[in-house]
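Accompanying notes for the structure given below.
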Amino acid sequence: PGLYEPGDYDLAGVAVGAVERDSLLPRTDMAEVDVLIGLPSSGVHANGFSLVRKVVAASGLGWDDPAPFAPSLKLGQALLTPTRIYVRQLLDTIRGNPGAVKALCHITGGGLIDNLPRVLPAGLTAAIDQSAMPLPPVFEWLQAEARLDPLEMYRTFNCGIGMVAVAAADDATRVRDALGAEAVVIGTLVQRGDGAAVRLDGKRSA
């Protein structure tokens, strides 16, 4: 809405792969104290842009104005930083550490709140440590302009984490090291009980 005019069309592509049945993810042996390892996003990626366009319109800024959160870039250029692709990094980690990665979750539309439950067993909750995930400047600006509370931010945007891997506690260090220096532990799996599938713990660091 608000993007396509009459006569416009959307051209999309898709890649299809194959995997051995015994290597399918998510695995069924996820358990309490398994570790959540996050990889940073490159920016807003491709989600939440209906809200982004409204925020920009309400701010009175033009797409060619300097970005308030990155003055060396035009606003449109900063918001359209290309989406990061994680495939090679993830495949190298899985192949180099057989059996260590239990699940992968791409943080797209719906953010951590709506995407993580898709890979979790019914009895487990992802307890997210907000202090491990400083909010990148682009999201600080969007949150301030849109006046969104943290829960809505985590449900609308990736908030700086574009991919999450799940590994057993004993395997977490080698999985994190294989993913690279930018990988960070963002939480653990805990028993769900009557709670939600995703829980936000602690306070976000500045």
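The values are calculated or read from the model by the stated rules, or taken from the named source; none is laboratory data. What you see is a predicted model; the values in this text were computed from it and never measured. We place every Cβ from the backbone using ideal geometry, glycine too, and count neighbours over all the protein chains shown. Surface accessibility is based on the protein's heavy atoms, side chains included, excluding ligands, DNA and RNA. Shrake-Rupley method; radii C 1.70, N 1.55, O 1.52, S 1.80 Å.
Key figures
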| quantity | calculated |
| --- | --- |
| Residue match in segment 146-169 (condition: of a type in the set (D, E, K, R) and in contact with a Pro (Cβ under 6 Å, 6 or more places away or on another chain)) | no |
| Residues that are among the polar types (S, T, N, Q) and over 10 Å from GLU145 (Cβ atoms), drawn from segment 50-64 | SER50 |
| Strands (runs of 3 or more DSSP E) lying entirely in segment 1-116 (those with 1 or more residues that are of a type outside the set (Lys, Arg) and on the phi > 0 side of the Ramachandran plot) | none |
| Residue list for segment 177-206, filter: over 16 Å from the mean Cα position of the chain (by Cα) and charged (D, E, K, R) | ASP177, ARG192, ASP194, ASP201, LYS203 |
| Residue tally, condition under 14 Å from GLY123 (Cα atoms) and touching a Phe, Trp or Tyr at 6+ places or on another chain (Cβ under 9 Å), over segment 181-205 | 1 |
| Lone qualifier among LEU124, LEU112, LEU104 - being modelled with pLDDT of 95 or more, open to solvent by less than 60 Å² (accessible area, probe 1.4 Å) and either over 20 Å from GLY202 (Cα atoms) or polar (S, T, N, Q) (or both) | LEU104 |
| All positions within segment 30-44 that are open to solvent by less than 70 Å² (accessible area, probe 1.4 Å) and either in contact with a Phe, Trp or Tyr (Cβ under 8 Å, 6 or more places away or on another chain) or among the acidic types (Asp, Glu) (or both) | ASP34, LEU39, VAL44 |
| Count of segment 142-173 residues which are out of contact with any strand residue (DSSP E or B) (no Cβ under 8 Å at 6 or more places or on another chain) and either part of a helix (DSSP H, G or I) or open to solvent by 70 Å² or more (accessible area, probe 1.4 Å) (or both) | 13 |
| Pairs with Cβ under 8 Å, 6+ apart, first in segment 18-30 and among the basic types (Lys, Arg), second open to solvent by less than 70 Å² (accessible area, probe 1.4 Å) | ARG27/LYS102; ARG27/ALA103 |
